[in-house]
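The values are calculated or read from the model by the stated rules, or taken from the named source; none is laboratory data. Only a predicted model underlies this, so the values are computations on that prediction, with no experimental measurement involved. Glycine gets a Cβ as well: all are built from the backbone with ideal geometry, and neighbour counts include every protein chain shown. Ligands, DNA and RNA are stripped out before the accessible areas are found, and what is left, the full protein with its side chains, is counted by its heavy atoms. Shrake-Rupley method; radii C 1.70, N 1.55, O 1.52, S 1.80 Å.
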Amino acid sequence: MLGLFDKSHKIKGTVVLMPKNVLDVNELNSVRSGGVGGVVSGLFGAVADVTGQVVDTATAILSRNVSFKLISATSTDAKGNGKVGKETYLEKHLPTLPTLGDRRDAYGIHFEWDANFGIPGAIYIRNYTYDEFFLVSVTLEDIPNQGTIHFVCNSWVYNFKDYDKKDRIFFANKTYLPSATPGPLVKYREEELEILRGNGTGERKEHERIYDYDVYNDLGNPDKDVKLARPVLGGSSTYPYPRRVRTGRKATKKDPKSERPASELYMPRDEKFGHLKSSDFLTYGIKSLSQTLLPSLENIFDSDLTWNEFDSFEEVRDLYEGGIKVPTDVLSDISPIPVFKEIFRSDGESVLQFPPPHVVQVSKSAWMTDDEFAREMIAGVNPNVIRLLKEVPPQSKLDPTLYGDQSSTISKEHLEINMGGVTVEEALNGQRLFILDYHDAFMPYLTRINALPTAKAYATRTILFLKDDGTLKPLAIELSKPHPSGDNLGAESKVVLPADQGVESTIWLLAKAHVIVNDSGYHQLMSHWLNTHAVTEPFIIATNRRLSVLHPIYKLLYPHYRDTININGLARNALINAGGIIEESFLPGRYSLEMSSAVYKNWVFTDQALPADLIKRGLAIEDPSAPHGLRLVIEDYPYAVDGLEIWDAIKTWVHEYVSLYYPTDAAVQQDTELQAWWKEAVEKGHGDLKEKPWWPKMQTTEDLIQSCSIIVWTASALHAAVNFGQYPYGGLILNRPTLARRFIPAEGTPEYDEMVKNPQKAYLRTITPKFETLIDLSVIEILSRHASDEIYLGERETPNWTTDKKALEAFKRFGSKLTGIEGKINARNSDPSLRNRTGPVQLPYTLLHRSSEEGLTFKGIPNSISI
């Protein structure tokens, strides 16, 4: 067959790329002259002007300036490496197909080929132009005995001098374990991984693709202000933390252990958001919020202190019902920024208006009910903290030598008042008592937190009772603060019981607000940032450093890493940094990240699997006869019911995929790349916990399946569950306040009299004020949105991600199973007997509904932590 082709046979190819001419969002961040409005409108105008010229200009520049060389997977040179073919260049621009997507251009190319060269397995690419371009794919057609070969690239290619005059290499979409790599490709596979690892020295440059580890030593800015100094997180037993991508910036002058802040943080180039796409607008919005909106609102507050207070619940509702008046210059600063056009709907009268949050779209006041307060612990945005109560009073695990007696003051008598004749012993034996416990997380920090200018907070414990109808009822809230004479002298606590009349009802409402302030801070810093964003980054770094793009586990995990390093870098720059948005608008303030480090000390990788998490919290019992092998203690637990179906679908898919490549435990043990990957992820990426005995040893196929399932679950469903409900529930600051500014007033004080006369005002003077509310809502509105180009669980960016038909068939079954789960979720939400599915606010639980439309939808599970 091969003999039918002569020595000069030409292989036809198609190259798809996006030229640098098409402006990318990162340029918006770097050009600041002329004010935000001028920059944004100017650049977007430039995009429109350039579009018509892109094809001609790009073709002229790229033709003869971008070269390609084939590398054989079957024939070797004198050194035993894959033969390298002759250099060839991009040719004419091809008609753009609708399937290519916006701003993608296709070019023709031809390669000289003969039978002795064999089958191409990789391609060298050299860019001679000044500007980088984004290489999407290369497709070779009519390869004798092979047909079509796809190279899925998705990478920025810079001028070859940036790579020390070396070519970039891309591999065909084949899948090989290291030991099964075709001999001619072995050297190329190993060399590419060496490039991605770098040498661990120097400051990283924009064009580089180097993945390396570092501690969180760039959150503070001590050179600007000593008050902005922050401890280094990671690398010590005092402040353990997951690792981030190393940037290698110079140290601050005042703290040699901390890195200087930078307006643009290094991240491996292919991790950075690319061209103008929907997700870029969202992340650019966060950065603009930090740089533009926050200072503008601070100026208002500085000039008019009374402006910072809400005086009624109606005024809070005005944020989305009628809008609130702001100075014209604030709107002129922010209105040109694309994402803010959706978030702030201005009517031309200097009015700021947010979209109505889902929690009040049916009822304006149902959020105030005890039923909804309790329901959101199992169907809200933070549904994985509540646990079974096993003893009354609940106990603290804090060291009594440091914190004295932290025993709870909640008694059986407090609880049985509202238990309808059921005794505490009966409820404990029947697994009907539960606790939302933030006492130990907050108490060690409360003295320092309450010394901040406006904070007056408690550490809280909330006890709940499972009623006969399957819903939860709050029985008591304990509010604790450190002894005024010293933390080591124990806690001062008071117990507040439910009430619906008089001043006692206001005190009960305030107690619930203090619980939610604890919950909001814990959610944002621990459930969301730490347990999804931060713990995932080390696995991303290790995967890119140790697993070749040809490796089956790389292909399995790669979609679940999309954009995460970039959004984490943005967070370090604008959200979790010293004086940033999180410190400004959430209770722990400057101690926020330090608190998350304390929680990380007790983080357990294997407990991140949903079944293990539910069992650990006492919310599920192993039962082989029950669905998923678990019996839920609260049968109508929306997060757990939907989550277990998603978890099982993920684990089934991972099991089927892994089994294709690892038929035995020995195959796992003998995979050199896999073993290096896991060793590095544990010992470097999560190095502060590397001695923990619970780490999987990566010696069996089950170790591999379980570990990959946890990574996929964390990056997809777990993140979706704790992220995309932020604005739907928290967009009403009354429902999810983030700050506590007053203790509950004591009788005989002016604040107590105000509480009696004007309960709404007392509530509003206790929770988040207007400035911080606007910042909080602006951020969570962006974080809760889906981009138009979102890729959801069970989908891939390209159907050509692998050539393995069995893997493709298994993946198709995975997608079909997820579609079926969507139908089950919709059916459960329509079942009136499942009262926790919608609750008093009549908001069906859809956060684990896999697919979604663009925007603020309260559903959708993206593949990755991309916002």
> Which of (1) farther than 30 Å from L466 by Cα; (2) in a loop (DSSP other than H, G, I, E, B); (3) within 22 Å of the chain's Cα centre (by Cα) does V779 not meet, given it meets every other one?
Replying inline: (2)
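From the list L293, L265, pick out the single residue that is modelled with pLDDT of 85 or more, open to solvent by less than 20 Å² (accessible area, probe 1.4 Å), on the phi < 0 side of the Ramachandran plot and among the hydrophobic types (A, V, I, L, M, F, W, C). Reasoning before the result, please.
On the way: L293 fails: modelled with pLDDT of 85 or more.
Matching residue, one of L293, L265: L265.
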> How do the pairs read when you match residues in the stretch 486-499 that are of a type in the set (V, I, T) with residues anywhere that are in a strand (DSSP E or B), using Cβ under 6 Å and keeping only pairs 6 or more apart or on different chains?
Replying inline: V495/A476; V495/E478; V496/I477
>> When you check N829 against the structure, is it modelled with pLDDT of 95 or more, farther than 30 Å from T139 by Cα and touching a Pro at 6+ places or on another chain (Cβ under 6 Å), yes or no?
In response: yes
>> Regarding the stretch 382-390, can at least one residue be identified that is touching a residue at least 24 places away in the same chain (Cβ under 8 Å), closer than 20 Å to L509 by Cβ and surrounded by 18 or more Cβ atoms within 10 Å (Cβ to Cβ)?
In response: yes
>> Contact list please: Cβ distance under 8 Å, first residue in the stretch 447-461 and free of Cβ contacts under 8 Å to residues at least 12 places away in the same chain and over 20 Å from Q406 (Cβ atoms), second residue among the charged types (D, E, K, R) and surrounded by 18 or more Cβ atoms within 10 Å (Cβ to Cβ), pairs at least six apart or on different chains.
In response: none
> Could you give every pair whose Cβ atoms fall below 8 Å, whose first residue belongs to the stretch 595-621 and is on the phi > 0 side of the Ramachandran plot, and whose second residue is open to solvent by 10 Å² or more (accessible area, probe 1.4 Å) and in a strand (DSSP E or B), counting only separations of at least 6 or pairs across chains?
Replying inline: G618/R387; G618/L388
>> Can you tell me how many residues within the stretch 618-651 are surrounded by 18 or more Cβ atoms within 10 Å (Cβ to Cβ) and either farther than 25 Å from S830 by Cβ or touching a strand residue (DSSP E or B) at 6+ places or on another chain (Cβ under 8 Å) (or both)?
In response: 11
> Among the residues of the stretch 784-834, how many are over 26 Å from S659 (Cβ atoms) and either open to solvent by less than 70 Å² (accessible area, probe 1.4 Å) or of a type in the set (S, T, N, Q) (or both)?
Replying inline: 18
>> Being open to solvent by 10 Å² or more (accessible area, probe 1.4 Å) and among the β-branched types (V, I, T) is the filter here; which residues of the stretch 501-556 pass it?
In response: V503, T506, I507, I516, V549
>> Yes or no: the stretch 702-722 includes at least one residue that is out of contact with any His (no Cβ under 8 Å at 6 or more places or on another chain), surrounded by fewer than 20 Cβ atoms within 10 Å (Cβ to Cβ) and among the hydroxyl-bearing types (S, T, Y).
In response: no
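With respect to P559, is the statement that it is farther than 24 Å from V779 by Cβ and open to solvent by 10 Å² or more (accessible area, probe 1.4 Å) true? Walk me through how you get there before you give the answer.
On the way: farther than 24 Å from V779 by Cβ: yes; open to solvent by 10 Å² or more (accessible area, probe 1.4 Å): yes.
Yes, satisfied.
For the stretch 666-701, what are the residues that are of a type in the set (K, R) and part of a helix (DSSP H, G or I)? Step through it out loud before you land on a result.
Step one: filter the stretch 666-701 for residues of a type in the set (K, R), giving 679, 684, 690, 692, 697.
The answer is K679, K684.
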> If you check every pair at least six apart or on different chains, which have Cβ atoms under 9 Å apart with a residue in the stretch 170-193 that is assigned by the TED database to the domain that holds L140 first and a residue that is open to solvent by less than 30 Å² (accessible area, probe 1.4 Å) and of a type in the set (D, E) second?
Replying inline: F171/E192; L177/D671; L177/E673; P178/D671; P178/E673; S179/D671
> Which condition breaks for L739 when tested against (1) among the aliphatic types (A, V, I, L, M); (2) touching a residue at least 12 places away in the same chain (Cβ under 8 Å); (3) open to solvent by 30 Å² or more (accessible area, probe 1.4 Å); (4) in a loop (DSSP other than H, G, I, E, B)?
Replying inline: (3)
> What number of residues in the stretch 234-254 are open to solvent by less than 20 Å² (accessible area, probe 1.4 Å) and not small (G, A, S)?
Replying inline: 7
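Taking the conditions exactly as written (open to solvent by 10 Å² or more (accessible area, probe 1.4 Å) and part of a loop (DSSP other than H, G, I, E, B)), does P611 satisfy them or not?
Values: open to solvent by 10 Å² or more (accessible area, probe 1.4 Å): yes; part of a loop (DSSP other than H, G, I, E, B): no.
So P611 fails the test.
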>> Being free of Cβ contacts under 8 Å to residues at least 24 places away in the same chain, hydrophobic (A, V, I, L, M, F, W, C), under 14 Å from C708 (Cα atoms) and surrounded by 16 or more Cβ atoms within 10 Å (Cβ to Cβ) is true for just one of V658, V682, V654. Which residue is that?
In response: V682
